[in-house]
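Down below is the structure, laid out as structure tokens.
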Amino acid sequence: MLADPRSLEALDFARVRERLAGQTHAAQAHARALAMEPVSDATTVRRLVTETAEMRTLVRVQNFALSQIDDVDEALEIAQRGASLPAAELRAIADALSAGGAAVRAIREAESVPALGLSRAAHDRHAHHGCDRRTRQRARPRIARAGTRAPPDRPGAG
């Protein structure tokens, strides 16, 4: 750790983490933001500063934005076990996949963000949220059917 707990308290680092977490769009990102610690390695600091600057450029220049993304990990685990999911869960998965895919495509296609560039393998992992191929194939028809119905009112949807 870069700083001892007293130094972090003096810097009000917990408040910094809370403010950062408040800017996230997914439960996992929120948890990661709250768990962040300062970094002392100069190479890592430069990489993180570059990535942050590029993300800010992407937001400013290309009007990049994310909507709230529901946590679908539990639903994916249930689907991977072969159980059926209700339409609302399928819709949440479809929304998460769509948002993740759009974000990855925007980052891959942006010329002004080379540090954020994603490899094809990273794109595949992000776009499929860790699902195996069989689960995705089985879920596709159900997601399509759920997508033809009006989505339920969910906080942050749309």
Residues of the stretch 35-51 that turn out to be free of Cβ contacts under 8 Å to residues at least 24 places away in the same chain, over 27 Å from Asp73 (Cα atoms) and exposed (fewer than 11 other Cβ atoms within 10 Å of the Cβ), as a count: 4
Boolean, Ser67 is among the hydroxyl-bearing types (Ser, Thr, Tyr) and modelled with pLDDT of 90 or more: no
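Hey, does the stretch 23-34 have a residue that's of a type in the set (Lys, Arg) and surrounded by 13 or more Cβ atoms within 10 Å (Cβ to Cβ)?
The answer is yes; a qualifying residue exists.
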Number of positions in the stretch 1-24 that are under 30 Å from Gln68 (Cβ atoms) and at pLDDT below 90: 4
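The values are calculated or read from the model by the stated rules, or taken from the named source; none is laboratory data. Predicted, not measured: the structure shown is a model, and the values here were computed from it. With ideal geometry, Cβ positions are generated from the backbone for all residues, glycine too; neighbour counts draw on all protein chains shown.
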